[in-house]
Amino acid sequence: ELKYFCKNLDAEIEPYLQELFNKLTILIDRHKSIIVKQEALSALCSVINSGNKFIEGSLFNFLGKCKELIETKTKEDEVMLRANALNCVAEISFVIKLEAFKPYLAYFSEIALKFLQTKIYEFIEGAFSYFGSIAEIMGEAFAENLPILMPISIELLKDESGVNRVKKEEEFGLDSDSDEENEDEDDVNINENFIDSKCSNILAITNFARAC
């Protein structure tokens, strides 16, 4: 994947970052496939994460595209696209630093907070990724957000809605186990996006602690 390519090559990839950035933004803007847009956004996050100043001037323009994607009316196949767009905003904020990001801070923070209040795991993951990055660039000033964010974070850590227990068919016999023992043997299906949202939540809390 391109993200590992960018991560592992470091300085060797720097001459190609601007061209990669341009190609990916064209795909995001023009391609009709939602899946292609999602993958391009994910790859773009890796390019931005390189922190190369050569592409920094392009980042401000792309924030407008992220805003447009996030404001898309939610359809099932566009959920991940919108979440990835917020992830991209998080990466951009980390690269351009707080002073440059301040004009966008209130808008995207409000969007991220709304995402946390949904039952959509992809949105929750993207929102925690965003707030984790914002905590890093704001430092101690981020503490004013904790009275709002921490209760939500703790409640979501307790949430088990992504865990689905499937009862096995009971077998009757003289040596059959008790109901309680059978419960322990039930199959458990866990939503992958649910797990990702939990991980993002924990990482965000770690960033909150470091910042504040």
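None of the figures in this text is laboratory data; all of them are computed from the coordinates on show. It should be emphasised that the depicted structure is a prediction, and the values quoted were computed from it without experimental measurement. Cβ atoms come from the backbone with ideal geometry, glycine included; neighbour counts cover every protein chain shown.
General remarks:
- Derived scalar couplings between HN and Hα for the range 97-102 equal 6, 4, 4, 6, 8, 3 Hz in order, rounded to whole Hz, by the Karplus curve 6.51 cos²θ - 1.76 cosθ + 1.60 (θ = phi - 60°), x for Gly and Pro.
- Semi-axes of the equivalent ellipsoid for the range 82-126, Cα gyration tensor, largest first, Å: 20, 11, 6
- Summing +1 for each Lys or Arg and -1 for each Asp or Glu among the other residues whose beta-carbon sits under 9 angstrom from that of Asn193 gives -4.
- Debye-formula intensities of the range 114-168, expressed as log10 I(q)/I(0) at q = 0.17 Å⁻¹, are -0.61 (one equal scatterer per alpha-carbon, no solvent).
- Taking a Cβ cut-off of under 12 Å around His31, the surrounding Lys, Arg, Asp and Glu residues balance to a net charge of +2, with basic ones at +1 and acidic ones at -1.
- Extension gain from Lys97 to His31, taking 0.36 nm per residue of separation minus the Cα-Cα distance: 20.7 nm
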